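Written below as structure tokens is the structure these notes are about.
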Amino acid sequence: VVLAIDDSKSMTENACGHLALESMALIARAMARLEVGEIGVVSFGAGGSTTSDGKSDAAVNDASNTAVRTLHPLGAPFTDQGGPALVSQFTFAQDNTLADQPVVGLLTHLDARLEAARDSSRGGSETLQQLCLIIADGRFHEKEALRRQMREMSQKRGLLVAFIVLDNPKSSVLDMQTVSFANGKPEFAKYLDTFPFPFYTLVQDIAKLP
């Protein structure tokens, strides 16, 4: 199980940072108590755009941990005592521009890491079940690239990627719209109608997360 938490400025601007940390702690404790297997935690939010040679920054910057940071590696024991140290690593201040693709970079990073885990699985990749939970405010601009990436990942057996949308009722994604142009005329649609993740849930109240 990998928990990926958005550490970008957007989380602060939409008042979702504290909710993200509570969600991470709640899910991680539940997974540990259920003994589901290995639990990892990563953060993302800075950059993730493609470089001039076509590679994702998530792969290029892995060594410097600028795009996706591994905060709790798979295989390390997850304990309540380690919670404060984990929480302290989040700043919700990472920045990205319209040219960046931080969520695409995250998926590229996770895909490579999880494939490596499948290859090294003792029981073989046929018996390994993998779950990625992305915890973020669900606001991104790289929807088409995300759809392509999700199509590729959804074809892999035993892997499920789900998105937990942390939503602020005062500026809810439920009220957001997207606009496209057909024959020069604008066409409006609900933002969530074009959400690129087929499996997602929207959370406004931490008590409803379980």
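Each value in this text was obtained by applying a stated rule to the coordinates, not by laboratory testing. Just so it is clear, the structure is predicted and the values come from calculations on it, not from any experiment. Glycine also receives a Cβ, built like all others from the backbone with ideal geometry; neighbour counts cover every protein chain displayed.
Per the Kirkwood formula on distinct C-alpha pairs, the Rh of the stretch 72-131 is how many angstrom?
Working: mean 1/r = 0.0689 Å⁻¹.
Kirkwood hydrodynamic radius for the stretch 72-131: 14.5 Å.
So between Gln177 and Lys208, what do we pick up on full extension, going 0.36 nm a residue minus the alpha carbon distance? Don't skip to the answer; put the middle values down first.
Numbers: separation 31, 0.36 × 31 = 11.16 nm, distance 2.52 nm.
Net length gain for the segment: 8.6 nm.
Kindly state, as a whole number, the per residue volume in cubic angstrom of the convex hull around the alpha carbon atoms of the chain. Before the final figure, lay out each step's value.
On the way: hull volume 28.9 nm³, N = 210.
Once divided by residue count, the hull of the chain is 137 Å³.
I'd like to compare 171-183, 105-117, 145-157, 13-25: which one has the highest average count of other Cβ atoms within 10 Å, and what's the full order after that?
On the way: 171-183: 10.9, 105-117: 21.1, 145-157: 14.8, 13-25: 18.8.
The packing order, highest mean first, is 105-117, 13-25, 145-157, 171-183.
Quick one: of Lys9/Lys208; Lys170/Lys208; Lys9/Lys190; Lys170/Lys190, which pairs are farther than 20 Å apart, Cα to Cα?
On the way: Lys9/Lys208 25 Å; Lys170/Lys208 18 Å; Lys9/Lys190 24 Å; Lys170/Lys190 17 Å.
Pairs exceeding the cut-off: Lys9/Lys208; Lys9/Lys190.
Taking the Cα centre of the chain as the origin and placing charges on Cβ (Lys, Arg +1; Asp, Glu -1), which of Thr127, Leu110, Ser171 is farthest toward the positive end of the dipole?
Toward the positive end, the furthest listed residue is Thr127.
Note the full-extension length gain between Glu152 and Phe199 as 0.36 nm times their separation in residues minus their Cα-Cα distance, in nm to one decimal.
Separation in residues times 0.36 nm, less the Cα-Cα distance, equals 15.4 nm.
Considering amide H positions built from the backbone, and no H for Pro or chain starts, which residues 5 or more places from Asp137, or on another chain, come under 5 Å of its amide H?
Those qualifying (amide H under 5 Å, at least 5 residues apart or on another chain) are Leu166.
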